[in-house]
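*Asks:* Would you mind keeping the following structure in view while I ask a few things?
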Amino acid sequence: MFVAPALQKLLDELERLPGVGPKSAQRIAYWMLNTDRETVVRLADAITEVKDAVRFCSRCFNYAEDDLCEICRSHDRDHGMICVVSEPRDIPPIERTGAFKGVYHVLGGELSPMDGVGPDDLHIAELLRRLSDPSVREVIIATNPNVEGETTAAYLSRQIKSLGVRVTRLASGLPVGGDLEFADEVTLGRAIEARREL
């Protein structure tokens, strides 16, 4: 079946997106062809703008448009409580619970010796530097409840306890092998409230 070269190029690019297979790529491409030009231009502009404007916060490594993200800049947040997550996408589900009023630190992944990811590949040194501030009272480790997340939590716990800072871990309520990104607000809220000492 013949497909116009420009359409084939779009289909190929759409299929590279996570979770988008050939049929989804076709639906999106045909939607783009059948909608008005202004809508497609707004979408293209939004994609370009996010690539140009968004960077990593210099303190916590969350997504930001300035040097510091909105959470790190906020005077309403408890800067003495740091929640450690694996990726920036783990922050919104925690924020939606309304149960956490502290700040975050994004590791940029989880320890995975089998994949060659060690402590030097993550933002662990930057976290430990942040903990030299005497106002930090507690670190909540909110890595995913899977093998890599548990390995990361155990490693961080040892490092942080040696600095005399309280370390807690999200409590039960999160399924083992699940990702924070897909947890509902009630489950995540209970896990934050019932966190335990490591």
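*Asks:* Just one of 132, 58 is at pLDDT below 95, small (Gly, Ala, Ser) and assigned to a loop (DSSP other than H, G, I, E, B); which is it?
*Replies:* Among 132, 58, only 132 is at pLDDT below 95, small (Gly, Ala, Ser) and assigned to a loop (DSSP other than H, G, I, E, B).
*Asks:* Give me the residue from the stretch 71-108 that is part of a loop (DSSP other than H, G, I, E, B) and of a type in the set (Ser, Thr, Tyr) and, out of that set, surrounded by the fewest Cβ atoms within 10 Å (Cβ to Cβ).
*Replies:* Result: 74.
*Asks:* Filter the stretch 160-188 for residues that are in a helix (DSSP H, G or I) and within 20 Å of residue 87 (Cβ to Cβ); which is modelled with the lowest pLDDT?
*Replies:* Only one residue tops the list, namely 187.
*Asks:* For residue 150, work out the one condition from (1) out of contact with any Phe, Trp or Tyr (no Cβ under 8 Å at 6 or more places or on another chain); (2) assigned to a loop (DSSP other than H, G, I, E, B); (3) surrounded by fewer than 18 Cβ atoms within 10 Å (Cβ to Cβ); (4) not hydrophobic (A, V, I, L, M, F, W, C) it doesn't fulfil.
*Replies:* (2)
*Asks:* Please list, ordered by first then second residue, the pairs with beta carbon atoms under 8 Å, 6 or more apart or interchain, first in the stretch 27-53 and on the phi < 0 side of the Ramachandran plot, second β-branched (Val, Ile, Thr) and surrounded by 11 or more Cβ atoms within 10 Å (Cβ to Cβ).
*Replies:* Pairs that qualify, where the first residue is on the phi < 0 side of the Ramachandran plot and the partner is β-branched (Val, Ile, Thr) and surrounded by 11 or more Cβ atoms within 10 Å (Cβ to Cβ), are 28/20; 32/40.
*Asks:* Evaluate the following for residue 50: is it exposed (fewer than 13 other Cβ atoms within 10 Å of the Cβ) and either of a type outside the set (D, E, K, R) or in contact with a helix residue (DSSP H, G or I) (Cβ under 7 Å, 6 or more places away or on another chain) (or both)?
*Replies:* Judged against the criteria, residue 50 is a match.
The values are calculated or read from the model by the stated rules, or taken from the named source; none is laboratory data. These numbers come from a predicted model, not from an experiment. Methodologically, a virtual Cβ is constructed for each residue, glycine included, from the backbone with ideal geometry; neighbour enumeration extends over all protein chains shown.
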